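Single-structure report; data block below.
The values are calculated or read from the model by the stated rules, or taken from the named source; none is laboratory data. Quick caveat: nothing in here was measured; it's all calculated off a predicted structure. Glycine also receives a Cβ, built like all others from the backbone with ideal geometry; neighbour counts cover every protein chain displayed. Heavy atoms of the whole protein, side chains included, go into the accessibility calculation; ligands, DNA and RNA do not. Shrake-Rupley method; radii C 1.70, N 1.55, O 1.52, S 1.80 Å.
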Amino acid sequence: MKDRVAALRAELERQGVDGFIVPRNDEHFGEWVPASAERLAWLTGFTGSAGMAIVLTDRASIYIDGRYTLQVVDQVDTGIFETRHVTEEPATAWLKEALGKGAKLGFDPWLHTEAGIRRMETAAKAAGAELAPLAKNPVDAIWIDRPAPPTEPVVPHDLRFAGKPHGEKLADLGESLGAHGLDATVLTLPESIAWLLNIRGSDVPRTPLPLGFAIVHADATVDLYMAATKLSDETRVHLGDDVRIHEPDTLLAGLDGLKDRKVLVDQTTAVAAVTTRLREAGAELFMGDDPTALPKARKNEVEVAGTRSAHVRDGAAVSKFLAWIDAHDPGSLDEMTASDRLEQFRREDNLLRDLSFDTISGAGPNGAIVHYRVTGETNRPLGPGELFLVDSGGQYLDGTTDITRTVAIGEPTPEMRDRFTRVLKGHIALATARFPKGTTGSQLDTLARLPLWQAGLDFDHGTGHGVGSYLSVHEGPQRISKIPNSVALEPGMIVSNEPGYYKTGEYGIRIENLVCVREAEAADGERPTLEFETLTQAPIDLRLVDLDLLNGDEKAWLNAYHEGVREKLRPLVGDAAGWLEAATRPV
């Protein structure tokens, strides 16, 4: 790490700047990046899914959120990098102090949005310094063995899973652009392109994305900037004549062709290299939201039916895994063994293409680390008297799953049962909520927290995130969180329901099911009303439930949920059928 930082400083001197910003994201601003874009990990050793580093001639800092405060210390040389919390100790504050007067801070315009650059620019000016866009990324210049960009095949996503032909999606988008007086939109998020064109790929881990850019015109034609070697004859036929293929390195020339056009770009993810070029080309820029985000979030009937089926099969795999755990003595299994066995159960399904994220397999105190990833150094046994938290999911052709179960290994303590039951009460409150059309997730968030709040407890993550259809396991724009969100929940949206509780150094608890928004059944009120359909099908550990804390309605929900799980999974779990009967017994 020290040698790499020294090499970077030498390259910065060659390029005539006094520092450089190294974000974790790539030019698409997605959650997952290919190996060729893992610049932050290569330079610092930090492998979290979000972060940023700044390297100056004599100082360096790295910025992480609360999920990674422990991980960053384990992975990064703190003698080189000052570790700072991204919101409590922001980079802008550090730059005002660390940048010298007259200094030039370099950045790669392909890795930052205009808004992000403006924030850094304000801080630099306050220090008497300036920001400098660099034509060549200095990390790439010194990364001698940098992996090649991915060239994995792009394949059509079958209509029996997608539910709507991409031609109809393009027609809808073109009509919407025209209705708003727009000539085109530039799509920079690969999941938007994948959904719109009904294609999938494998350019990044855990999410079936083909990396590329697209210009969608109001006449429903598309200029797709994606390596031709990734597109088979079958995929080209699928895309049709209205989708013109271009090599990625010709994107800037394509943007030049939008002179005098009214062009929509996503203000949160479009990088400065794109927006700056559009302005220079003479396009009239409209900074708004990705126009595919809401249509993608509203799953159609085929997608909802597919994800129901995927969740039943996924629930069978998880149930067989939980039965396997219970068949072993406390202390005889460890986190890695458990994680590997769960993946094996999932891979028995011929529609599985990958996991939807790296499994979180945390025993005892490791379960209290919200985004824990087991390694050879941290791997610990599932010990007696401990809780085991496992958060996992699969990428099936007909749906994406994400489920967390917390399991008692041996006899749980009264405190564990109290905390688990409070989490369960919050989970049930959200699962059974009925709410008027127009309600946002942030308006529902309190339901999942109230039983914990009543005991002076809480959890420091969101209650729910959107989920794609054989796409990203984290999908917007909807979410359930304390953070204000103006996006209303709509029928067809899939979101997680995952309250938790974490006692640092001892244990973690989370109960996560995916739910789908639907119109409320037998609603006879004055206003249109919505509710949730629970998709996830797997037992909740009854050994951790304190029945004295549940009221009659909560017990009825738990029994009804387990009855549904039992009936759906019994034909699929084989030798685990006896375990399933006991695990879903009425309370």
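For segment 373-399, the set of residues classified as surrounded by fewer than 19 Cβ atoms within 10 Å (Cβ to Cβ) and among the acidic types (D, E) consists of E377 only.
Listed by first and then second residue, the pairs linking a residue in segment 269-286 that is under 18 Å from R119 (Cα atoms) to a residue that is in a helix (DSSP H, G or I) and open to solvent by 30 Å² or more (accessible area, probe 1.4 Å), with Cβ atoms under 7 Å apart and 6 or more places separating them unless they lie on different chains, are A272/E114; T275/E114. Filtered by the rule that a residue be among the aliphatic types (A, V, I, L, M), within 24 Å of A433 (Cβ to Cβ) and open to solvent by 50 Å² or more (accessible area, probe 1.4 Å), segment 550-587 gives A556, A560, V587. In the set R527, R510, only one residue is closer than 17 Å to G393 by Cβ, basic (K, R) and touching a residue at least 12 places away in the same chain (Cβ under 8 Å); that residue is R510.
Applying the criterion of being farther than 23 Å from D203 by Cα and part of a helix (DSSP H, G or I) to the residues of segment 273-288, the residue that is nearest to the chain's Cα centre (by Cα) is T275. Taking segment 29-50 as the range and being in contact with a strand residue (DSSP E or B) (Cβ under 8 Å, 6 or more places away or on another chain), of a type outside the set (K, R) and either within 21 Å of S202 (Cα to Cα) or open to solvent by 20 Å² or more (accessible area, probe 1.4 Å) (or both) as the test, the residues that pass are F29, G30, E31, W32, V33, P34, G48, A50. Scanning segment 239-268 for residues that are part of a strand (DSSP E or B), touching a Ser or Thr at 6+ places or on another chain (Cβ under 8 Å) and either touching a residue at least 24 places away in the same chain (Cβ under 8 Å) or over 12 Å from I215 (Cβ atoms) (or both) turns up V243, V263, L264, V265, D266. Filtered by the rule that a residue be within 22 Å of G174 (Cβ to Cβ) and small (G, A, S), segment 257-306 gives G257, A270, A281, A283, G288, A293, A297.
Checking each residue in segment 314-332 for being out of contact with any helix residue (DSSP H, G or I) (no Cβ under 6 Å at 6 or more places or on another chain) and open to solvent by less than 20 Å² (accessible area, probe 1.4 Å) picks out D314, V318, L322, I325. The lone criterion from (1) open to solvent by less than 60 Å² (accessible area, probe 1.4 Å); (2) under 23 Å from the mean Cα position of the chain (by Cα); (3) farther than 30 Å from S486 by Cβ left unmet by T307 is number (3).
Here is a yes/no grid of residues against (1) over 22 Å from E191 (Cβ atoms); (2) touching a residue at least 60 places away in the same chain (Cβ under 8 Å):
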| residue | (1), (2) |
| --- | --- |
| L452 | yes, no |
| G456 | yes, no |
| F459 | yes, no |
| H465 | no, no |
| Q478 | no, yes |
| S481 | no, no |
| P484 | yes, no |
| S496 | no, yes |
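Checked against the criterion of being part of a loop (DSSP other than H, G, I, E, B), open to solvent by less than 50 Å² (accessible area, probe 1.4 Å) and touching a residue at least 24 places away in the same chain (Cβ under 8 Å), the candidates L170, L209 yield just one match: L209. Of everything in segment 221-248 that is exposed (fewer than 15 other Cβ atoms within 10 Å of the Cβ) and polar (S, T, N, Q), the residue that is farthest from V204 (Cα to Cα) is S232.
Restricting the first member to segment 363-386 and to residues that are of a type in the set (S, T, Y), and the second to residues that are in a loop (DSSP other than H, G, I, E, B) and open to solvent by 30 Å² or more (accessible area, probe 1.4 Å), the beta-carbon pairs closer than 8 Å and six or more apart or on different chains are Y372/T378. Is it the case that some residue within segment 365-372 is farther than 14 Å from A338 by Cα, open to solvent by 10 Å² or more (accessible area, probe 1.4 Å) and assigned to a strand (DSSP E or B)? Taking every residue of segment 365-372 in turn, none turns out to be farther than 14 Å from A338 by Cα, open to solvent by 10 Å² or more (accessible area, probe 1.4 Å) and assigned to a strand (DSSP E or B). Checking each residue in segment 40-54 for being in a loop (DSSP other than H, G, I, E, B) and among the hydrophobic types (A, V, I, L, M, F, W, C) picks out F46, A50. Can you pull out every residue in segment 173-206 that is within 21 Å of E247 (Cβ to Cβ) and in a loop (DSSP other than H, G, I, E, B)? If the condition is that a residue be within 21 Å of E247 (Cβ to Cβ) and in a loop (DSSP other than H, G, I, E, B), then T188, L189, G201, S202, D203 are the ones that fit. Within segment 441-473, the residues that satisfy the criterion of being among the β-branched types (V, I, T) and either in contact with a Pro (Cβ under 8 Å, 6 or more places away or on another chain) or open to solvent by less than 10 Å² (accessible area, probe 1.4 Å) (or both) are T463, V467, V473.
Scanning segment 119-137 for residues that are open to solvent by 60 Å² or more (accessible area, probe 1.4 Å) and within 28 Å of the chain's Cα centre (by Cα) turns up at least one hit.
Looking across segment 375-401 at every residue that is touching a Ser or Thr at 6+ places or on another chain (Cβ under 6 Å) and among the aliphatic types (A, V, I, L, M), the one that is farthest from Y507 (Cα to Cα) is identified as V390. Among the residues of this structure, D398 does not count as one that is on the phi < 0 side of the Ramachandran plot and out of contact with any Leu (no Cβ under 7 Å at 6 or more places or on another chain).
Report whether or not W94 is of a type in the set (F, W, Y), surrounded by fewer than 20 Cβ atoms within 10 Å (Cβ to Cβ) and on the phi < 0 side of the Ramachandran plot. The answer is yes for W94.
Summed over segment 59-76, residues that are in contact with a Lys or Arg (Cβ under 9 Å, 6 or more places away or on another chain) and either open to solvent by 60 Å² or more (accessible area, probe 1.4 Å) or modelled with pLDDT under 90 (or both) total 1.
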